[in-house]
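Below is one structure; the comments refer to it alone.
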Amino acid sequence: MNKRNVSVEGNIEFADLKIREPFAYAGGTKALSVALDFMKKETGIYKSLKILSKMNQKDGFDCPGCAWPDPEKPSKLGEYCENGVKAITEEATPELVDREFFKKYSVEEISKWTDLKIGKSGRITEPFILRPGAVHYEPLPWEEAFTIIANQLHQLDSPDEAVFYTSGRSSNEAAFLYGLFARAFGTNNMPDCSNMCHESSGVALSETLGIGKASIVLDDFEHAEVVMVIGQNPGTNHPRMLTSLQKCKENGGKIITINPIAESGLMRFKHPQEISGLLGSGTALTDIFLQVKINQDVSLLKLIMKRLHQLHLKKGGIFDDQFINEQTSGYKELIKDLERCEEQELLDLCGVPEKQIDEAVDLLARKSKIIICWAMGLTQHENGVDNIKQCVNLLLLKGSIAKKGAGTCPVRGHSNVQGDRSMGIMHHVSEPLNKSLKDVFGIDAPTDEGLDTVNSIVAMHEGKAKVFIGLGGNFLSAAPDSNYTAAALQNCELTLSISTKLNRTHLFAGQTSIILPTLGRTEQDTFKDKKRFVTVENTEGKVHRSMGRKEPASDQLRSEPDIVISIAKAYFEEKSSIPWSDFMGNYDLIREKISEVFTGYENYSDRSKASGFYLPNNSREGDFSKMPGGRAQFSVCPLPKHQMEKDEFLLMTMRSHDQFNTTIYGMDDRYRGVYGERRVIFMNPDDMALNGLKNEQVVDLVSNYDKQERRAKNFKVIPYDIPKSNLGAYFPETNVLVPINRYAHKSNTPTSKSIVVKIEAKKD
């Protein structure tokens with residue numbers, strides 16, 4: 001097949017880099033001014049404020065950004081953050097990707113743009129198709145689109161030749177129907193964005209506590225004595241979490257931060273809705289900062305637990321002996337492992353000064369209400385599952401599970417990624433789910449395990465998967481090994497994207513590519529003049545309503561549930577025991593069927609209104625009866641060791657502040673002091689001097705796994721407070737370096753936070 005001449009990296013020329021001092025705090029008047037400026041440029045302040053007044057309110061819509069929970073009593077001034085403003089105003093943009101746009105620009109030309117420019121193109125107004133050999137998308141009637149999709153699926157030799165990908169912004173209703181269609185079609189090939197982020201958390205928590213979700217609720221932060229934030233940057237990625245940390249501090253709690261970089265949002269927070277945040281100095285958050293080397297969290301936590309154990313032997317009362325004896329298994333094995341560890345080796349590996357470790361040990365020794373929060377900084381490593389298990393070890397030792405103000409908090413990055421999984425979006429086989437689907441719908445769901453994200457990419461690359469369907473998201477920019485993934489998508493016979501805005505994935509089409517435009521979270525969802533609502537699940541397992549309020553960007557847009565139903569109807573025609581036609585326009589019926597398939601959703605439609613409801617959670621309730629021996633499990637985790645040559649570094653990919661996941665809002669990262677440019681490398685000044693690198697010197701980053709070179713071109717090196725031998729850089733620009741064949745044990749999560757690279761200086 002003749003592939004189109006499209007660029008994976010886009011424009012790699014430098015913009016206008018300016019380096020200043022990183023901000024010493026998050027929020028404050030600057031956050032307000034940036035948000036207002038963004039509103040003014042994108043949609044106008046009045047229109048923006050009108051939309052924002054309904055965001056994260058009980059009668060409004062859920063933010064399409066992160067999944068941080070809403071308080072029981074939302075602020076009357078607004079329940080949103082700076083990056084929430086950016087997400088909403090971008091969705092409400094007046095810019096349109098219409099037939100004139102695609103007539104003017106080919107996919108080859110668009111691919112040479114930056115991700116920022118592609119995203120700013122605007123909302124997709126109607127269905128489009130890129131036909132075989134063509135380089136321009138052209139309009140496509142809705143019904144013809146469904147016919148093409150159905151015919152392509154019928155032509156497959158096996159249902160397993162199709163891949164059904166799900167992003168984290170889809171509603172519960174859409175996800176349920178999508179998974180139902182995939183299983184009725186005959187495959188468990190349901191990769192989702194969780195595979196690339198919190199899959200390691202789900203595996204670790206399921207194996208140790210019996211459920212892959214957080215064990216806390218929002219107000220636990222107000223009762224916590226210690227909150228540990230590990231491998232996470234809430235100031236950028238989950239800004240409203242800072243309010244919860246502030247409440248913890250105001251109630252006497254302490255915060256320990258563990259991260260290779262001192263992120264501004266965790267150092268000090270100026271609440272933009274409080275006088276003290278606007279005019280005063282705000283709240284100092286982190287009490288103890290442990291600047292750990294990349295992926296040495298296991299080493300650090302082992303050392304902390306080893307010293308806590310030594311104190312326990314001397315004084316007693318440091319560990320919760322009753323909880324350990326009655327509720328856990330594997331304690332003796334854990335202690336033996338800790339005793340075998342050499343303290344000096346642990347100190348050398350983690351790179352944290354001993355004095356600071358002792359401060360953390362002293363604090364933890366005296367407290368039992370401990371919350372541990374984490375994100376991608378722990379999950380995206382080969383030992384990502386062990387990283388989370390080590391966090392669980394510490395909580396179990398302290399009896400900090402099923403206790404007010406204590407527990408696990410994996411902080412989800414997409415607004416409904418947790419809900420997708422609860423709705424059955426997963427490649428694993430679930431016998432209870434298959435039985436429920438048989439009982440409720442009369443279908444025989446497949447019993448063979450499907451493909452996760454990594455294996456889906458490999459299957460497409462090898463020609464074993466021929467149809468890719470994406471329910472939201474920007475798959476190419478989110479996935480590892482960008483060139484490999486791009487080639488995989490281009491190998492497909494059909495790529496289908498259900499999207500709100502244009503992104504780079506749309507440009508890397510199979511022989512045929514279809515884009516189906518869908519409603520945004522902010523937009524009214526009506527059927528026969530009746531307004532409808534959908535539901536989502538937050539990071540702490542609470543389900544609640546979301547109802548858009550603004551006029552859709554185009555009268556051609558359809559809701560995600562309606563699109564999935566229409567595809568299913570076109571494929572099955574009338575040959576299905578599933579009442580697809582009855583589902584059309586009837587979200588209450590969809591929710592009724594969800595309640596029949598899954599436990600915990602009784603009286604679903606009514607309970608989801610107002611504040612919503614929490615799903616059952618055994619770890620929150622202290623019920624480990626379904627675990628081996630009816631007990632929570634301690635784990636023995638080996639030390640992570642990275643074999644690197646003297647001229648090699650360990651790179652972690654990161655987001656900038658003007659970014660949410662793969663969506664680029666702007667070119668600044670003021671919390672790190674970087675303005676006007678994204679192609680930068682954060683490097684320790686001593687490492688720069690040792691390697692003869694000057695400030696803002698232009699270099700390439702090169703990774704080499706299994707004798708295959710991967711190269712990220714044209715970056716400027718800047719000095720930064722980061723551990724020696726460690727580097728930081730933004731994604732998706734550096735995703736090209738992440739090898740497809742390196743991923744976390746058990747979870748298959750790509751190793752985007754620990755990539756061994758070399759730096760090659762450009763010749764003048």
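The values are calculated or read from the model by the stated rules, or taken from the named source; none is laboratory data. Note that the coordinates shown come from a computational prediction; the quantities given were computed from them, not determined experimentally. Backbone-built Cβ (ideal geometry, glycine too); neighbour counts: all protein chains shown.
Numbers at a glance
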item	result
Spans of strands (runs of 3 or more DSSP E) in segment 434-530 with at least 2 residues modelled with pLDDT under 95	none
Filter result (assigned to a loop (DSSP other than H, G, I, E, B) and surrounded by fewer than 19 Cβ atoms within 10 Å (Cβ to Cβ)) within segment 647-659	Asp647
Residue in segment 13-28 that is under 24 Å from Ala262 (Cα atoms), touching a Gly at 6+ places or on another chain (Cβ under 9 Å), hydrophobic (A, V, I, L, M, F, W, C) and part of a loop (DSSP other than H, G, I, E, B) present	yes
Unmet requirement for Gly692, which otherwise passes all of (1) buried (at least 17 other Cβ atoms within 10 Å of the Cβ); (2) at positive phi; (3) not β-branched (Val, Ile, Thr)	(1)
Segment 488-501 residues that are outside the structural domain of Gly472 (by TED's automatic domain parsing), paired with ones that are at pLDDT below 95 and surrounded by 24 or more Cβ atoms within 10 Å (Cβ to Cβ) (beta carbon under 6 Å, 6 or more apart)	none
Verdict on Tyr601 being buried (at least 19 other Cβ atoms within 10 Å of the Cβ), at pLDDT 95 or above and farther than 30 Å from Ala761 by Cβ	yes
Filter result for Arg183 (of a type in the set (Lys, Arg) and more than 30 Å from Lys30 (Cβ to Cβ))	yes
Tally of residues being of a type in the set (A, V, I, L, M) and assigned to a loop (DSSP other than H, G, I, E, B) across segment 714-744	4
Filter result (on the phi > 0 side of the Ramachandran plot and touching a Pro at 6+ places or on another chain (Cβ under 8 Å)) within segment 371-401	none
Every residue from segment 398-418 that is of a type outside the set (Gly, Ala, Ser) and within 27 Å of Asp321 (Cβ to Cβ)	Lys398, Ile401, Lys403, Lys404, Thr408, Cys409
Looking only at segment 545-569, and only at residues there that are within 24 Å of the chain's Cα centre (by Cα) and surrounded by fewer than 23 Cβ atoms within 10 Å (Cβ to Cβ), the one that is farthest from Ser48 (Cα to Cα)	Arg545
Condition met for Gly28 (surrounded by 20 or more Cβ atoms within 10 Å (Cβ to Cβ) and more than 21 Å from His414 (Cβ to Cβ))	yes
In segment 176-224, the residues that are without any contact (Cβ under 8 Å) to a residue 60 or more places away in the chain and among the hydroxyl-bearing types (Ser, Thr, Tyr)	Ser206
Selection count where residues are under 27 Å from the mean Cα position of the chain (by Cα), outside any loop (DSSP other than H, G, I, E, B) and at pLDDT below 85, scope segment 264-285	1
Any helices (runs of 4 or more DSSP H) falling wholly within segment 296-414 and containing at least 1 residues that are among the β-branched types (Val, Ile, Thr)	297-315, 321-327, 331-340, 354-365, 376-379, 384-397
Some residue of segment 276-289 being hydroxyl-bearing (Ser, Thr, Tyr) and buried (at least 24 other Cβ atoms within 10 Å of the Cβ)	no
Residue match in segment 513-531 (condition: within 13 Å of Tyr165 (Cβ to Cβ) and assigned by TED's automatic domain parsing to the domain that holds Met584)	no
Yes/no for Ile261 being assigned to a loop (DSSP other than H, G, I, E, B), in contact with a Gly (Cβ under 8 Å, 6 or more places away or on another chain) and within 21 Å of Ile357 (Cα to Cα)	yes
Members of segment 721-753 found to be out of contact with any Lys or Arg (no Cβ under 9 Å at 6 or more places or on another chain), closer than 19 Å to Ala486 by Cα and not hydroxyl-bearing (Ser, Thr, Tyr), listed by number	Asn735, Ile740, Asn741, Arg742
Sole residue being surrounded by fewer than 24 Cβ atoms within 10 Å (Cβ to Cβ) and touching a helix residue (DSSP H, G or I) at 6+ places or on another chain (Cβ under 8 Å), chosen from Gly463, Gly442, Gly419, Gly450	Gly450
Tally, over segment 674-689, of residues that are of a type outside the set (D, E, K, R), closer than 22 Å to Ser725 by Cβ and surrounded by fewer than 19 Cβ atoms within 10 Å (Cβ to Cβ)	3
Those residues of segment 328-360 which are loosely packed, with under 13 Cβ neighbours inside 10 Å and either in contact with a Leu (Cβ under 7 Å, 6 or more places away or on another chain) or β-branched (Val, Ile, Thr) (or both), in sequence order	Glu354
Any hit, segment 141-154, residues being over 18 Å from Arg521 (Cα atoms), in a loop (DSSP other than H, G, I, E, B) and in contact (Cβ under 8 Å) with a residue 24 or more places away in the chain	no
